[in-house]
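Chemist: First, the structure itself, so that you have it in front of you.
The values are calculated or read from the model by the stated rules, or taken from the named source; none is laboratory data. Only a predicted model underlies this, so the values are computations on that prediction, with no experimental measurement involved. Here the Cβ positions follow ideal geometry from the backbone for every residue, glycine too, while neighbour counts run over all protein chains shown. Ligands, DNA and RNA are excluded from the accessible area calculation, which covers all protein heavy atoms including side chains. Shrake-Rupley method; radii C 1.70, N 1.55, O 1.52, S 1.80 Å.
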Amino acid sequence: MSSAAGNLLRHLAAMAALAVLIGGLNRLADIRTPPPWSEAEIELLASLSLDALPPPPADPSNAVADAPLAAELGERLFFDPRLSANGRVSCATCHQPERRFTDGLAKGRGIGEAGRNTQSIVAAAHSPWAYWNGRRDSLWAQALTPLEDPAEHGFNRLALVRVVANDAGYRNDYERLFGALPDLTDSDRYPAAASPLGDDAELQAAWNDMSAGDRQRINTIFANLGKALAAFERGIQPRPSRFDDYVAALRDGDTTAAARLFDQQEVRGLRLFIGRGQCIQCHNGPLLTNNEFHNTGVIPAPGEVPDIGRAEGLRLARADPFNCLGNYNDAAEPRCAELRFARSGADLIGAMRTPSLRNLESTQPYMHKGQLADLAAVLEHYNRAPEAMIGHNEAKPLGLKPRDLAELEAFLRTLDAPVAGVD
């Protein structure tokens with residue numbers, strides 16, 4: 001064979017090999033290109049969109065839940081550091097608007113370090129339970145708890161009421177909403193500081209020395225301040241994210257807009273989210289949470305024993321004097337179905353409330369004690385689904401590849417958006 005013929009054959013062989021390689025790459029690209037969404041899938045995605053979110057449910061236990069004046073009063077209370085023992089801690093210390101009402105810490109920090117990670121209060125009015133373990137059954141009952149927690153505001157009930165009574169603006173708005181405040185100048189009836197909670201024996205003794213009627217008056221004022229805070233917090237709602245815009249484009253049949261909003265990696269991540277990733281089992285609905293309690297095998301915080309979660313939270317919710325069954329419920333005929341018929345049992349040992357996935361990018365670290373630093377760590381945890389150290393891990397290993405996890409993370413980042421309800 002001549003040299004020229006040999007060169008030609010080698011050239012043809014190389015071209016054939018290149019063609020095979022290109023064909024393989026094209027087939028691989030076809031495999032990685034997400035297929036069009038079916039009508040049923042688009043309807044499923046629509047159920048996850050904010051367009052499907054109704055207004056916050058009515059709260060009959062709070063007569064001023066939707067009163068604009070109560071929301072204005074609650075907003076001022078929310079940002080007022082005078083409602084703390086050191087005059088430097090407000091609700092906004094841990095619930096920072098610029099961080100989607102979280103604080104960026106593994107555990108909240110006020111006067112001291114709190115026991116758990118600060119949950120966002122964005123859309124909190126849509127949940128029947130508050131806190132990771134559901135230890136409060138209303139937004140207003142939750143708002144009261146940090147005020148007297150020694151690790152958070154560290155305040156006491158009488159001192160709090162006095163701040164409101166001695167501030168002309170607070171007093172005026174409070175009395176317009178709830179009626180006249182009592183005369184607190186009689187120190188024999190109303191000490192400067194008193195509380196039924198905490199380890200301070202003097203505060204507890206001062207509280208116990210008050211008459212039952214005066215304790216009831218102070219408790220009513222205390223509860224009313226929680227109701228004003230809740231009226232403000234009810235307006236803190238998520239705004240549409242890029243995901244919501246993408247779903248709207250799909251529903252409109254605007255494939256050009258959809259392609260501009262989501263790249264192929266994000267589309268593949270969304271398909272994993274509703275499919276093999278099994279995320280939608282708990283993270284469903286327009287807030288991407290079922291507001292239920294699940295044990296997912298998250299390891300304890302370093303140096304701590306496992307948190308028993310909902311098993312303790314339900315007990316605390318039932319014992320709370322400000323719960324739905326208590327004396328401070330404004331409803332004429334309290335129903336309290338959530339509290340009366342709450343799910344209980346051994347399955348709830350170690351279970352925590354499913355958080356919303358909206359605005360994840362601004363609310364790290366994650367999990368109930370900030371054990372996982374970023375989204376990649378969270379996804380890897382669910383992919384492995386380790387045995388729970390207490391109770392039973394409901395999750396099962398997913399067997400996803402690193403590429404799959406990166407795609408899921410890319411989708412989750414499309415859920416970030418501004419928050420409505422604050423200037």
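Chemist: Considering 394, 409, 387, which residue is touching a residue at least 40 places away in the same chain (Cβ under 8 Å), assigned to a helix (DSSP H, G or I) and of a type in the set (Asp, Glu)?
Modeler: 409
Chemist: So residue 326 fits all but one of (1) touching a residue at least 12 places away in the same chain (Cβ under 8 Å); (2) surrounded by 16 or more Cβ atoms within 10 Å (Cβ to Cβ); what number is the exception?
Modeler: (1)
Chemist: Consider the stretch 110-131. How many of its residues are on the phi > 0 side of the Ramachandran plot and out of contact with any strand residue (DSSP E or B) (no Cβ under 7 Å at 6 or more places or on another chain)?
Modeler: Summing the residues that are on the phi > 0 side of the Ramachandran plot and out of contact with any strand residue (DSSP E or B) (no Cβ under 7 Å at 6 or more places or on another chain) in the stretch 110-131 gives 1.
Chemist: Further question on the same structure: If only one of 205, 193 is more than 22 Å from residue 322 (Cβ to Cβ) and either touching an Asp or Glu at 6+ places or on another chain (Cβ under 8 Å) or not acidic (Asp, Glu) (or both), which one is it?
Modeler: The unique qualifying residue is 205.
For (1) in contact (Cβ under 8 Å) with a residue 60 or more places away in the chain; (2) touching a Phe, Trp or Tyr at 6+ places or on another chain (Cβ under 7 Å), each residue gets a yes or a no:
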site: 102; (1), (2): yes, no
site: 111; (1), (2): no, no
site: 122; (1), (2): yes, yes
site: 126; (1), (2): yes, no
site: 131; (1), (2): yes, no
site: 144; (1), (2): yes, yes
site: 148; (1), (2): no, yes
site: 157; (1), (2): yes, yes
site: 163; (1), (2): yes, no
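Chemist: Can I ask one more? List the pairs whose first member sits in the stretch 342-356 and is at pLDDT 95 or above, whose second member is among the hydroxyl-bearing types (Ser, Thr, Tyr), and whose Cβ atoms are under 6 Å apart, counting only residues at least 6 apart or on separate chains?
Modeler: From residues that are at pLDDT 95 or above, the pairs are 354/289; 356/289.
Matching residues to (1) assigned to a loop (DSSP other than H, G, I, E, B); (2) aliphatic (A, V, I, L, M); (3) open to solvent by 40 Å² or more (accessible area, probe 1.4 Å):
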residue: 82; (1), (2), (3): yes, no, yes
residue: 133; (1), (2), (3): yes, no, no
residue: 141; (1), (2), (3): no, yes, no
residue: 160; (1), (2), (3): no, yes, no
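Chemist: Condition first: of a type in the set (A, V, I, L, M) and either exposed (fewer than 15 other Cβ atoms within 10 Å of the Cβ) or more than 12 Å from residue 37 (Cα to Cα) (or both). Now tell me which residues in the stretch 250-273 satisfy that.
Modeler: Correct list: 257, 259, 261, 272.
Chemist: Given the residues 179, 198, 169, 154, which is the only one that is open to solvent by 20 Å² or more (accessible area, probe 1.4 Å) and modelled with pLDDT under 95?
Modeler: That would be 198, the only listed residue that is open to solvent by 20 Å² or more (accessible area, probe 1.4 Å) and modelled with pLDDT under 95.
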